[in-house]
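The values are calculated or read from the model by the stated rules, or taken from the named source; none is laboratory data. All values reported here derive from a predicted model rather than from experimental measurement. Here the Cβ positions follow ideal geometry from the backbone for every residue, glycine too, while neighbour counts run over all protein chains shown. When the accessible area is computed, the model is the full protein with side chains, heavy atoms only, and any ligands, DNA or RNA have been set aside. Shrake-Rupley method; radii C 1.70, N 1.55, O 1.52, S 1.80 Å.
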Amino acid sequence: MRSTLRDAVSFLRKATPGRVLNAGQVVASYVLSRLTGRARAWGLPVALAFEPTTSCNLRCPECPSGLRSFTRPTGMLPAELFKKTMDEVASRLWYLIFYFQGEPYLHPQFLDLVEYASKKGIYTATSTNAHFLTDENARRTVESGLDRLIISLDGTTQEVYQQYRVGGKLEKVLAGTRNVVKWRKQLKSSTPRIIFQFLVVRPNEHQIEDARALAQAMGVDDVWFKTAQIYDYQQGSPLIPTIDYYSRYANNGNGTFSLKNKLVNGCWKMWHSCVVTWDGKVVPCCFDKDAEYRLGDSQHESFRALWHGQKYQGFRQALLKGRDQIEMCQNCTEGTKVWG
């Protein structure tokens, strides 16, 4: 609870008149769009996800990076492209996560990019498999000003951990976590907030309580239990949990499964956030892993122009008309509520 309050205070401290005004414009335009059925977007994104790289050291079974299954180009985010975009949106942007696909710490300038955004007063976060949190990287992570560090755990023993995190070593995850906890204490820093993220799948669901106990013993601030997206879920999957609460999919009792979530026309994410791939392509959200729905290119046009451009507005309008007609949205459990 204490870390949650401290994190909330840290987030609110990023408030500026410009960011508060922008957030108000974004909420108002979303509400009006839903009420009238006509898409309009005011302001700029409140939140943004930037992809440092598509490269990854692991081979997780439901991840395009792990499966090496991208049809789009793979590579590393150019620092110049990142800084150009930040310079344009920083006065309105409140939250920035350095993650889409891939392992952020494989980018050689990753922590320099975090520091650049942090110095602009933006709340920064990343998600990592923690295999590269060496003592030096852990120290630099704390010094960079990163506000939130999400560490993928997904198992409390090597035998269970490796069933999803294929090729991973649990001891490296725990050693990296200890390094960050140590340096945060030594540098007397309140950030980053350290979170274990536990993707609940059938092989690890029996270790939920063990994950909580491990986090407490290590000085980790919180544990988040996340439901897993399964690509081919209709006929079932050995990854779908037996604990219904942690499954995105309902068992129909005849060997088939269906998505629990009812697709509401309209999606809050399309008004308040987006994702920028390593090469500058702007896509609607994190469900578009292969960047099929490209709504702009931040390398060749201003962010404001593409955010309000005809292509983006057309996509928002399509969501208002029939979200279930957009393939990307058909396996989605997010984005239907204003603060969801």
Problem set entry | Enumeration of residues in region 225-276 that are without any contact (Cβ under 8 Å) to a residue 60 or more places away in the chain, touching an Asp or Glu at 6+ places or on another chain (Cβ under 9 Å) and not polar (S, T, N, Q) | Pro241, Ile243, Tyr246, Ala250
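For region 198-220, what are the residues that are among the hydrophobic types (A, V, I, L, M, F, W, C) and either part of a helix (DSSP H, G or I) or more than 15 Å from Gln163 (Cβ to Cβ) (or both)?
Scanning region 198-220 gives Ile208, Ala211, Ala213, Leu214, Ala215, Ala217, Met218, Val220.
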For this session: Search region 133-159 for residues that are under 16 Å from Thr191 (Cα atoms) and pair each with any residue that is among the acidic types (Asp, Glu) and buried (at least 23 other Cβ atoms within 10 Å of the Cβ) when their beta-carbon atoms are under 6 Å apart and the residues are at least 6 apart or on different chains.
Result: none
Exercise. So which residues in region 21-44 are more than 22 Å from the chain's Cα centre (by Cα) and in a helix (DSSP H, G or I), if there are any at all?
Worked result: Leu21, Gly24, Gln25, Ala28, Ser29, Val31, Leu32, Ser33, Arg34, Leu35, Thr36
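I need the full set of residues from region 274-294 which are within 21 Å of Asn22 (Cα to Cα) and either buried (at least 22 other Cβ atoms within 10 Å of the Cβ) or of a type in the set (D, E, K, R) (or both), in order please.
Cys274, Val275, Val276, Val282, Val283, Pro284 - these are the residues of region 274-294 that are within 21 Å of Asn22 (Cα to Cα) and either buried (at least 22 other Cβ atoms within 10 Å of the Cβ) or of a type in the set (D, E, K, R) (or both).
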Exercise. Going by the structure shown, is Asn265 loosely packed, with under 13 Cβ neighbours inside 10 Å and farther than 22 Å from Tyr164 by Cα?
Worked result: no
Problem set entry | Looking only at region 94-129, and only at residues there that are of a type in the set (S, T, N, Q) and over 19 Å from Ser152 (Cβ atoms), the one that is most open to solvent (accessible area, probe 1.4 Å) | Gln109
Exercise. Just checking, how many residues over region 156-193 are assigned to a loop (DSSP other than H, G, I, E, B), closer than 14 Å to Gly145 by Cα and open to solvent by 20 Å² or more (accessible area, probe 1.4 Å)?
Worked result: 5
Problem set entry | Number of the exception - Ser258 against (1) part of a loop (DSSP other than H, G, I, E, B); (2) of a type outside the set (A, V, I, L, M, F, W, C); (3) open to solvent by 30 Å² or more (accessible area, probe 1.4 Å); (4) modelled with pLDDT under 95 | (1)
Seminar exercise, completed: Within region 130-141, the residues that are open to solvent by 10 Å² or more (accessible area, probe 1.4 Å) and under 20 Å from the mean Cα position of the chain (by Cα) are His131, Phe132
For this session: Out of the residues in region 55-90 that are part of a helix (DSSP H, G or I) and of a type in the set (Gly, Ala, Ser), state the one that is surrounded by the fewest Cβ atoms within 10 Å (Cβ to Cβ).
Result: Ala79
For this session: Filter region 5-47 down to residues that are surrounded by fewer than 16 Cβ atoms within 10 Å (Cβ to Cβ) and of a type in the set (Val, Ile, Thr), then give me how many there are.
Result: 5
Exercise. Hey, any hits in region 202-222 for a residue that's closer than 21 Å to Cys332 by Cβ, crowded, with 17+ Cβ neighbours inside 10 Å and hydrophobic (A, V, I, L, M, F, W, C)?
Worked result: no
For this session: Count, please, the residues in region 227-243 that happen to be at pLDDT 85 or above, under 22 Å from the mean Cα position of the chain (by Cα) and among the polar types (S, T, N, Q).
Result: 1
